[in-house]
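The values are calculated or read from the model by the stated rules, or taken from the named source; none is laboratory data. Model, not experiment: these values are computed from the prediction. Cβ placement follows ideal geometry from the backbone for every residue including glycine, while neighbour counts extend to all protein chains displayed.
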Amino acid sequence: MKTIKNICCIGAGYVGGPTMSVIASKCPEITVNVVDINEKRIALWNHEDLDQLPIYEPGLKEVVGQARGKNLFFSTDVDKAIHEADMIFISVNTPTKTYGKGKGQAADLKYIELCARNIANVAVTDKIVVEKSTLPVRTAEALKSILHNTGNGVNFEILSNPEFLAEGTAVDDLFNADRVLIGGDDTPSGKAAKDALSSVYEHWLPKERILQTNVWSSELSKLVANAFLAQRVSSINSISALCERTDANVAEVARAIGFDSRIGSKFLNSSVGFGGSCFQKDILNLVYIAKSFGLQEVADYWEQVVIMNDYQKRRFADNIISTLYNTVSGKKITFYGWAFKKDTNDTRESAAIFVADALLEENAHITVFDPKVSKERILADLEYLGNKSREELEELVTVVGNPMDAAKDAHAIAILTEWDEFKTYDWAQVYEAMLKPAFVFDGRRILDHEPMEAIGFKFYKIGQTS
């Protein structure tokens, strides 16, 4: 088995940065180089103030502070890192295609291919190349073709090592992973490569939690795991709409069915909808793969999970509009939260983006407070949808750094992220700052009806009527 002394990770984003930081902290004898062509991002990873890291995750700054400058390094010198590495992780973005065949469903692999061609051009010694990005089935086959046909006569072993991190708990997920999946060829050299990667994780995880499979099983397992989890969220959200019509309480329904050991209680929390970098992208990828093999019924089944999620976000926005006397034009609607979930600054596919877009179409004025998300990120998220120009967004969207400033003279507050601090606010003070009647729409089910209504709020909680 090859001893790994030097690791390179191409991509310093939500997966690459935390994963490599944990590996470096647990494997002090391995040099870990995280590289990215984004100079601003690398500068933030190297910032002397660890609170300025480009990614917010509980515990991350402590891990980075422990290893950075010792055996953990962040750089824009991609070629040097590739040249020196025994093992190369590819952890670049694989967004859903916005053009051509598979538009709106298939993964865009252009960044993966660019990485592969760069590795092939630079490498002069044998390398283990690890897919860390979420990729469609058979991507490893494409990587192998590029590396073996355009390289410098060196041997490349391709492994699939999908991440199963949840934003907000990524560091703990890495330290205490319930499983690590390593897919590779069943040839002698393929098995040796899988064992080499396994030895890295065995520095802190029991060997029985490290599962070795073939490449295709590993690639598909990641998509299916996220699809199953998202399916549960959309399932309970579909019931939340029924609860609001029947006076049932979706939390009570979820608790009742969660006690069934065959079902379990996890991912049964109803909300305004799931977001994040994985769920929707992976489901749409699965839909595209099913269609590619002529499995239309399979594709339709999984696509319905996304359709239900979109319905939940649209239903929440429509409820705000109808409750505010069928018009939000010129009204100040305050968003508490923009990140797709608490304890992260990740906003990809956040429900807040799409709820805001629906309200902006009705000429609402949106004010946003989120403890970790910047104004630039919020405006960029909305601008990406293409429904409003940057100039229009600058006029209609205000981002503030204080929850009371956000509440001042607001017609309504919509809770879009379940930040713990929102539960601790002096809501009586918030009420006094708002216009009357004062409306609160709880899209994350973090507040209780009785105390909010006792203060004087017109309070609406997704999945129940009172």
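Could you identify the single residue in Phe89, Phe73 that is surrounded by fewer than 24 Cβ atoms within 10 Å (Cβ to Cβ) and either under 21 Å from Thr344 (Cα atoms) or touching a residue at least 12 places away in the same chain (Cβ under 8 Å) (or both)?
Answer to the check: Phe73.
I'd like the residue in segment 316-332 that is touching a helix residue (DSSP H, G or I) at 6+ places or on another chain (Cβ under 8 Å) and either polar (S, T, N, Q) or surrounded by fewer than 17 Cβ atoms within 10 Å (Cβ to Cβ) (or both) and, out of all such residues, is nearest to Glu362 (Cα to Cα).
By that ranking, first place goes to Thr327.
Here is a yes/no grid of residues against (1) out of contact with any helix residue (DSSP H, G or I) (no Cβ under 9 Å at 6 or more places or on another chain); (2) in a helix (DSSP H, G or I); (3) of a type in the set (A, V, I, L, M, F, W, C); (4) touching a residue at least 12 places away in the same chain (Cβ under 8 Å):
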residue: Ser238; (1), (2), (3), (4): no, yes, no, yes
residue: Ala241; (1), (2), (3), (4): no, yes, yes, yes
residue: Ala248; (1), (2), (3), (4): no, no, yes, yes
residue: Ala254; (1), (2), (3), (4): no, yes, yes, yes
residue: Ile263; (1), (2), (3), (4): no, no, yes, no
residue: Ser271; (1), (2), (3), (4): no, no, no, yes
residue: Val287; (1), (2), (3), (4): no, yes, yes, yes
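Scan segment 429-451 for residues that are surrounded by fewer than 20 Cβ atoms within 10 Å (Cβ to Cβ), in a helix (DSSP H, G or I) and aliphatic (A, V, I, L, M) and report the count.
1
Mind checking whether some residue in segment 54-70 is assigned to a loop (DSSP other than H, G, I, E, B), of a type in the set (A, V, I, L, M, F, W, C), in contact (Cβ under 8 Å) with a residue 24 or more places away in the chain and surrounded by 15 or more Cβ atoms within 10 Å (Cβ to Cβ)?
Yes: segment 54-70 contains one or more residues that are assigned to a loop (DSSP other than H, G, I, E, B), of a type in the set (A, V, I, L, M, F, W, C), in contact (Cβ under 8 Å) with a residue 24 or more places away in the chain and surrounded by 15 or more Cβ atoms within 10 Å (Cβ to Cβ).
Looking only at segment 357-410, which residues are in a helix (DSSP H, G or I) and β-branched (Val, Ile, Thr)?
Ile378
Quick grid of which residues meet (1) touching a residue at least 60 places away in the same chain (Cβ under 8 Å); (2) touching a Ser or Thr at 6+ places or on another chain (Cβ under 9 Å); (3) more than 20 Å from Gly330 (Cβ to Cβ):
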residue: Asp381; (1), (2), (3): no, yes, yes
residue: Gly401; (1), (2), (3): no, no, yes
residue: Met404; (1), (2), (3): no, no, yes
residue: Ala407; (1), (2), (3): yes, yes, no
residue: His411; (1), (2), (3): yes, yes, no
residue: Asp420; (1), (2), (3): yes, no, yes
residue: Ala428; (1), (2), (3): no, no, yes
residue: Lys436; (1), (2), (3): no, no, no
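Out of the residues in segment 159-180 that are among the acidic types (Asp, Glu) and in a loop (DSSP other than H, G, I, E, B), state the one that is nearest to Val15 (Cα to Cα).
Glu163
Just checking, which of Asn237, Asn285, Asn226 is more than 18 Å from Phe340 (Cβ to Cβ) and either surrounded by 19 or more Cβ atoms within 10 Å (Cβ to Cβ) or in contact with a Ser or Thr (Cβ under 9 Å, 6 or more places away or on another chain) (or both)?
After applying the criteria, what remains is Asn285.
Please state which one of Glu39, Glu57, Glu48, Glu62 is over 24 Å from Ile119 (Cβ atoms) and out of contact with any helix residue (DSSP H, G or I) (no Cβ under 9 Å at 6 or more places or on another chain).
Sole residue among the options that is over 24 Å from Ile119 (Cβ atoms) and out of contact with any helix residue (DSSP H, G or I) (no Cβ under 9 Å at 6 or more places or on another chain): Glu48.
Identify, please: which residue in segment 109-145 is among the acidic types (Asp, Glu) and within 27 Å of the chain's Cα centre (by Cα) and is, among those, modelled with the highest pLDDT?
Ranking the qualifying residues of segment 109-145, first place goes to Glu131.
Determine if segment 211-222 includes at least one residue that is farther than 30 Å from Glu303 by Cα and at pLDDT 95 or above.
No.
If you check Ile283 against the conditions, is it out of contact with any Cys (no Cβ under 6 Å at 6 or more places or on another chain), closer than 30 Å to Ala438 by Cα and in a helix (DSSP H, G or I)?
no
If you check Leu382 against the conditions, is it among the hydrophobic types (A, V, I, L, M, F, W, C), surrounded by 21 or more Cβ atoms within 10 Å (Cβ to Cβ) and more than 29 Å from Gly13 (Cα to Cα)?
no
Determine whether segment 201-210 contains at least one residue that is within 24 Å of Ile289 (Cα to Cα), in contact with a Lys or Arg (Cβ under 7 Å, 6 or more places away or on another chain) and modelled with pLDDT of 95 or more.
no
Of the conditions (1) crowded, with 20+ Cβ neighbours inside 10 Å; (2) at pLDDT 95 or above, Gly183 clears all except one; give me its number.
(2)
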